Ligand SMILES: CC(C)(COP(=O)(O)OP(=O)(O)OC[C@H]1O[C@@H](n2cnc3c(N)ncnc32)[C@H](O)[C@@H]1OP(=O)(O)O)[C@@H](O)C(=O)NCCC(=O)NCCS
């Protein structure tokens, strides 16, 4: 199987935030940043997998500080971990005030992309080889996230099936009980 080092997966992209990206407060729409994150994840994963990738999931996205119109947004993407066909990308976003040169971190997101072959089916990707301490930490965190996501998805589907099978009275009792396990 083909292997690639973590450091070889780094992708850098930048985009100027123009007025059409503004929300009603004059800051940049969160959705504009999500779109950039998705593009950066696409480039990072597809370059690594050497084929088209589709977005399978976004992990939680927190915005720590607003991005201003007129700022230059820098995105740094890298592959933390890859399963058989899925590629876990980590995208760091920084906003630069181009007049003062000051730069601040606005968010970091984990986006899972899946490599797709010519028939539209998931296809195998290279194995990722972490080399330094930070890459090894990110690899292990990525692997545990990959495993937890699979377990969580299965548990959620089972919980949904149990709830769907309940009567309305049983559902009312659960709501009244404030239960978190069902
Ligand atoms: C993502 C997609 C290709 C997965 O297809 P699937 O038939 O479920 O494929 P599989 O069950 O074989 O899973 C393939 C891989 O995707 C991963 N995967 C599937 N759904 C996932 C999810 N929601 N989150 C993270 N990974 C996911 C699996 O873990 C597996 O990874 P692995 O091969 O590394 O173990 C399919 O759900 C799809 O096409 N989704 C739409 C993607 C898209 O169009 N995105 C843009 C939205 S506008």
Inset, instruction - Using only Cα atoms, find the angle between the long axis of helix 30-49 and the longest principal axis of the chain, and express it within 0 to 90 degrees, rounded to the nearest 10. - result: 80 degrees
Inset, instruction - Indicate, rounded to the nearest 5 percent, the antiparallel portion of the DSSP beta bridges found entirely in segment 3-131. - result: 90 percent
Inset, instruction - Figure the gain on full extension for residue 182 and residue 127 (residue separation times 0.36 nm, minus the Cα-Cα span) and round it to one decimal in nm. - result: 16.0 nm
Inset, instruction - Measure nothing but the geometry: give the 0 to 90° angle between the long axis through the Cα atoms of 133-164 and the longest principal axis through the Cα atoms of the chain, rounded to 10°. - result: 30 degrees
Inset, instruction - Measure of size requested: the Rg and Dmax of the chain, with Cα atoms as the atom set and Å as the unit; please supply both. - result: 19.9, 62
Inset, instruction - Beta carbons within 10 angstrom, averaged per residue: use that to sort the peptides 102-110, 118-126, highest first. - result: 102-110, 118-126
Legend entry - Folded to 0 to 90 degrees: helix 168-177 orientation relative to the chain principal axis, Cα: 70 degrees
Inset, instruction - Note down the relative contact order for segment 67-108 as a percent, whole number, built from C-alpha pairs under 8 angstrom at least six residues apart. - result: 37 percent
Inset, instruction - Please report how far the C-alpha centroid of segment 84-152 lies from that of segment 14-60, rounded to the nearest whole angstrom. - result: 13 Å
Inset, instruction - For residue 20 and residue 64, compute 0.36 nm times the residue count separating them, minus their Cα-Cα distance, and round to one decimal in nm. - result: 13.7 nm
Inset, instruction - As a check on your grasp of the helix formula, calculate [θ] at 222 nm for the chain: sum -39500 (n - 2.57) over DSSP H runs of n ≥ 4, divide by the residue count, round to the nearest 500. - result: -12000 deg cm²/dmol
Legend entry - Distance in nm between pseudo-label sites at residue 13 and residue 55 (7 Å out along the Cβ direction from Cα): 1.0 nm
Inset, instruction - Quote the relative contact order of the chain in percent (integer), defining contacts as alpha-carbon pairs under 8 Å separated by 6+ residues. - result: 24 percent
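Where a number appears in this text, it was derived from the coordinates with a stated rule and is not lab data. Since the model is a prediction, treat every value here as computed from it, not as a measurement. When we count neighbours, we look across all protein chains shown, and the Cβ atoms used for this are built from the backbone with ideal geometry, even at glycine.
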